[in-house]
1. Among the strands (runs of 3 or more DSSP E) contained in region 313-362, which hold 1 or more residues that are closer than 17 Å to residue 289 by Cβ, touching a residue at least 12 places away in the same chain (Cβ under 8 Å) and touching a strand residue (DSSP E or B) at 6+ places or on another chain (Cβ under 7 Å)?
2. Looking only at region 106-123, filter to residues that are at pLDDT 85 or above and surrounded by fewer than 22 Cβ atoms within 10 Å (Cβ to Cβ); which one of those is nearest to residue 138 (Cα to Cα)?
3. Could you list, in sequence order, the residues of region 228-242 that are in a strand (DSSP E or B) and exposed (fewer than 14 other Cβ atoms within 10 Å of the Cβ)?
4. Within region 253-267, track down each residue that is at pLDDT below 75 and exposed (fewer than 15 other Cβ atoms within 10 Å of the Cβ).
5. Of these, 108, 127, 55, 59, which one is assigned by TED's automatic domain parsing to the domain that holds residue 157, in contact (Cβ under 8 Å) with a residue 24 or more places away in the chain and within 30 Å of residue 233 (Cα to Cα)?
6. In this structure, does residue 22 turn out to be assigned to a loop (DSSP other than H, G, I, E, B) and free of Cβ contacts under 8 Å to residues at least 40 places away in the same chain?
7. Tell me which residues, restricted to region 446-462, are closer than 22 Å to residue 435 by Cβ and part of a loop (DSSP other than H, G, I, E, B).
8. Are any of the residues in region 401-409 surrounded by 15 or more Cβ atoms within 10 Å (Cβ to Cβ) and in a strand (DSSP E or B)?
């Protein structure tokens with residue numbers, strides 16, 4: 001049964017009187033003219049009204065507002081916002097069809113773009129110059145409308161006296177990645193917000209990267225052809241009635257009591273960590289240590305906010321550098337599928353703007369809009385970057401701030417913004433020459449700046465060396481999977497693993513125990529002071545404070561994997577073992593027989609720095625002896641007495657030439673600059 005407008009207003013008056021009159025007085029006293037109504041209460045009061053709201057939202061919402069204006073209130077022009085709509089009204093952006101037009105719908109999505117807030121005309125008052133008659137025209141269309149004629153017979157050229165303006169903003173909403181199957185392209189929809197929905201406190205909730213649920217009316221927008229005529233096809237947009245942020249970062253996976261019971265039971269297994277490791281990329285044989293690190297990365301450490309306003313990140317970043325065909329990309333793809341919130345990007349197909357954020361021209365409201373990139377969209381989740389070495393250097397520089405400070409600052413056009421990027425990064429790269437030279441420092445083999453390498457907590461070189469026993473096992477594993485693909489069975493299914501990770505992230509916040517602190521402290525101090533300083537030599541620095549923080553994060557993640565609130569000595573030992581494994585592979589200086597962090601962070605180990613210092617001293621000494629022109633042969637002879645061989649001296653001389661410390665005025669001679 002269709003209710004006419006008068007009946008609707010009367011019924012809404014009764015409804016407001018029954019349940020919302022106190023709220024109205026309270027809001028009016030505080031100067032707020034926005035009333036939020038629970039749809040389920042309206043449905044209980046009168047199902048016909050509720051049905052009409054869903055079918056004809058514009059007229060019905062207007063009727064509610066007129067009903068409220070009928071009450072004796074100090075404030076007028078109340079706006080009504082509905083929430084708690086039935087689940088039947090929920091629609092995915094990709095599923096919107098013409099049947100949904102002008103209906104009250106719900107949509108979820110990530111804010112990809114938000115424009116500046118701009119005023120919009122709702123009604124304009126004109127005066128007729130002939131007779132002085134005032135004419136009010138409601139501005140419902142996107143084009144400004146003037147009166148066509150006056151009652152006195154005059155046509156055109158009316159004088160604009162006044163206009164009513166409201167604030168408006170346009171968001172671009174993109175589908176949530178969890179709702180996509182496989183590599184589907186997420187669809188987008190423009191959402192228009194007006195009046196109280198663009199207040200500064202609301203605007204904070206709709207910054208790019210935020211996840212929101214929007215209640216609103218789906219409408220069509222005419223498309224104009226180049227000729228100026230209107231196209232027979234229309235664009236879609238949504239006029240928002242209400243918008244609410246979804247306060248879930250890692251907790252997109254809904255957990256019921258049965259799931260929690262199963263997760264708790266699983267955590268009591270003494271071999272739970274081994275089971276979790278075996279469940280990571282089961283189609284890839286071996287790489288146990290890498291898989292251990294990936295489990296800990298998915299669990300994550302605890303983010304700590306200090307009183308001075310600084311924070312220590314809880315996310316740990318991992319870099320896999322490996323020979324081609326070692327299964328890096330497969331592991332990355334597995335992680336991007338299993339993590340409750342993940343974005344997968346590939347080096348060549350990613351730009352700095354696509355990773356962080358960009359400012360784009362907004363064609364609707366004629367301003368600039370901010371659009372979030374992959375690291376912002378993966379906020380609270382994991383960003384997987386494949387082929388990191390293939391990225392352009394200037395695009396890669398965009399990662400620096402996101403990795404350590406976990407925020408992205410934008411200062412472009414008229415937009416200055418700081419976006420949250422509390423994102424874990426898992427990256428993979430190939431060595432510079434395609435394959436590894438196991439004896440050269442790792443930094444010299446990766447086409448990445450040392451400052452970026454330094455921000456990764458763990459760096460795993462994945463080498464593909466011929467080994468008869470191992471090759472036999474890998475071949476057997478791969479061929480068996482080709483023959484029987486259904487043989488990939490793990491003790492923890494992908495779905496349960498996802499729920500387990502979500503539960504651990506949401507509910508478990510581990511604290512360091514004194515035993516764990518002591519274990520990490522002893523390891524750090526012993527390793528820092530293990531190298532003995534030789535005569536005139538530079539002492540290698542085996543580990544820095546950055547690795548100390550990494551150890552804490554790893555130990556916390558290990559406790560989380562057992563769903564324990566306490567980090568015990570075993571967790572600290574597991575963290576130390578993993579870090580040692582990485583340092584031995586990438587930071588071990590074969591010359592001194594010690595771990596040297598500079599092999600990773602600067603590419604110049606302490607032993608080489610020591611030789612450079614020695615050669616510099618020799619050049620200075622010879623300059624005092626023989627004058628400005630120093631024969632290279634003399635330098636080689638002097639260096640031989642200090643156990644530095646010819647090849648090393650020649651390499652150092654070349655390096656000093658590149659750094660413009662010396663030059664070669666004549667063949668076989670050098671001079672200092």
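1. Numbers: elements: 318-322, 342-346, 357-362.
The strands (runs of 3 or more DSSP E) meeting that bar are 318-322.
2. Top of the filtered list is 106.
3. Just the residues of region 228-242 that are in a strand (DSSP E or B), to begin with: 230-242.
Passing the criteria: 230, 231, 232, 233, 235.
4. Result: 254, 256, 257.
5. Numbers: 127 fails: within 30 Å of residue 233 (Cα to Cα); 55 fails: assigned by TED's automatic domain parsing to the domain that holds residue 157; 59 fails: assigned by TED's automatic domain parsing to the domain that holds residue 157.
None of the other options fit; the residue is 108.
6. Spelling it out, it is not the case that residue 22 is assigned to a loop (DSSP other than H, G, I, E, B) and free of Cβ contacts under 8 Å to residues at least 40 places away in the same chain.
7. Step one: filter region 446-462 for residues closer than 22 Å to residue 435 by Cβ, giving 446-450, 452-453, 456, 458-462.
Result: 446, 447, 448, 449, 456.
8. yes
The values are calculated or read from the model by the stated rules, or taken from the named source; none is laboratory data. The structure displayed is predicted, hence computed values, not measured ones. Here the Cβ is made from the backbone with ideal geometry for all residues, glycine too, and neighbour counts use every protein chain on show.
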